[in-house]
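Working notes, beginning with the structure itself.
Derivation of every value follows stated rules applied to the coordinates shown; laboratory data play no part. Keep in mind that what you see is a predicted model, and the values were worked out from it rather than measured. With ideal geometry, Cβ positions are generated from the backbone for all residues, glycine too; neighbour counts draw on all protein chains shown.
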Amino acid sequence: METKKIKNILVIGAGTMGEGIVQNFAQAGFNVTVMARRQESLDKCLKQVNANLNTFKEFGLIKESPLTIMGRIQTILDKDLLSVVNKCDYVVETITEILEDKKAIFNRLDSLPADVVIASNTGSFTMTILTEGLKTPQRFVGTHYFNPAHIIPAVEVHRGEKTSDEAVEITKQLLIQIGKKPVIVRKIVPGFIINRLTGAMEREVDYLLDEGIVTPEDLDIAVKSSFGFRLACLGPMEAEDMIGLDTSARVSDRVYKVLSNRTDASPSLLEKVKKGELGIKSGKGWYDYSDRTREKVLDATNRKLLQQLALFKLLNP
């Protein structure tokens with residue numbers, strides 16, 4: 001199917017990532033159907049998208065009214081999938097990273113017309129694994145969005161062994177149409193690009209915390225006030241050119257030898273999980289959010305990120 005013929009989007013999953021992806025497509029003028037197993041998940045999704053749109057309006061990032069955009073979104077329960085699936089031109093799956101659940105959804109979608117591209121917002125599985133045994137693996141493509149999906153511009157587009165060039169190109173052009181910055185992952189590799197980079201950084205973060213070298217608060221200040229401050233405008237390769245490749249090579253040669261190389265999760269992190277301290281969703285993680293609702297925490301975070309988004313759009317038209 002040609003990108004210009006795509007009008008109706010089906011988003012499967014109404015969680016944190018689904019909310020943002022639904023908003024992206026609806027903002028760009030597409031009719032969006034969002035599917036979930038429970039009505040309360042759909043209600044929560046619509047409420048959050050509406051709140052996000054009102055904040056976007058406040059920041060001058062949308063021209064239409066939130067009411068108009070919300071009018072392009074409809075909801076269905078999982079049991080009603082067959083009633084709408086054949087009316088959709090493009091599908092995005094955003095459910096939890098559980099292999100069996102994703103494969104079950106794909107099996108249900110495998111009988112769609114062959115020109116309908118089906119994307120998976122997976123952050124860890126390769127499309128080769130997810131499409132094993134399917135009749136039409138060529139039209140399945142990976143689209144790795146970043147949280148919050150309605151704000152962060154980048155989306156990694158990755159393929160399986162049998163994904164067609166056409167599916168990749170259609171997806172790339174569609175993402176550009178909704179205002180995203182698609183990045184093509186050119187080889188099949190677990191973790192793709194950004195999750196591998198952040199995984200490497202997280203391992204060293206865990207080491208610094210476990211060894212008592214820095215507190216979580218000071219670590220966040222250090223990152224936000226140094227390379228984090230720079231990253232929105234200068235990528236790591238641009239920054240390395242600015243620093244000087246000779247200097248970078250000398251520093252790398254010294255520092256690489258003393259970096260953490262552990263292959264399991266941090267004891268401190270595992271202890272947090274064991275206590276049920278999961279972050280914003282539980283009210284406590286590295287920070288204490290017990291005095292604020294999830295909605296208030298997300299609103300404050302979104303407002304900071306939206307200022308960056310406005311500047312990013314200005315510098316990266």
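Below is a table of values for the structure above.
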| item | result |
| --- | --- |
| Residues LEU67 and ASP101, FRET efficiency given R0 of 35 Å [Cβ-Cβ distance, rounded to 0.05] | 0.55 |
| Förster radius 22 Å - calculated FRET efficiency between GLN74 and LYS5, Cβ distance, rounded to 0.05 | 0.65 |
| Computed helical MRE - 222 nm, the chain, DSSP H runs ≥ 4 contributing -39500 (n - 2.57), nearest 500 | -14000 deg cm²/dmol |
| Simple label model, 7 Å out from Cα along Cβ direction - LYS296 to ALA200, nm | 4.0 |
| Trypsin sites (Lys or Arg not before Pro) restricted to DSSP loop in the range 53-99 with at most 10 other C-beta within 10 Å | LYS63 |
| Qualifying GluC sites (Glu not before Pro) for the range 85-187 [loop in DSSP, other Cβ within 10 Å: at most 15] | GLU97, GLU132, GLU161 |
| Under DSSP loop assignment and at most 14 Cβ neighbours within 10 Å, longest chymotrypsin sites (Phe, Trp or Tyr not before Pro)-free interval of the chain | 60-286 |
| ALA119 long-range amide H proximity, modeled H, under 5 Å | VAL91, VAL92, GLU93, VAL141 |
| Spin-label proximity, VAL84 to the range 40-54 - amide N less than 12 Å from point 7 Å beyond Cα toward beta carbon | 42-43, 46 |
| ³J(HN,Hα), Karplus 6.51/-1.76/1.60, whole Hz, each residue of the range 61-66, x for Gly, Pro | 9, 9, 9, 7, 6, x |
| Longest to shortest principal axis, alpha-carbon extents of the range 3-184, angstrom | 46, 34, 29 |
| Length gained when the stretch THR247-THR263 is fully extended (0.36 nm per residue, less Cα-Cα span) | 2.8 nm |
| For the chain, share of DSSP beta bridges that run antiparallel, in % to the nearest 5 | 20 |
| Between 0 and 90°, nearest 10: helix 165-177 axis offset from the chain longest Cα axis | 80 |
| Over the chain, equivalent-ellipsoid semi-axes from the Cα gyration tensor in Å | 33, 24, 21 |
| Rounded, prolate or oblate (a/c below 1.5 giving rounded, otherwise prolate when a/b exceeds b/c) for the range 195-315 by Cα gyration tensor | oblate |
| Placed amide H near VAL155: partners under 5 Å, 5+ positions off or other chain | LYS181, VAL183 |
| Taking all pairs of distinct alpha-carbon atoms in the range 76-152, Kirkwood radius in angstrom | 13.1 |
| The range 179-251-the range 106-176 distance, computed between alpha-carbon centres (Å) | 26 |
| Gain in span if fully extended, TYR287 to LYS224, counting 0.36 nm per residue against the direct Cα distance | 21.1 nm |
| In the range 94-142, the trypsin sites (Lys or Arg not before Pro) that fall in loop regions by DSSP, at most 16 other Cβ within 10 Å | LYS135 |
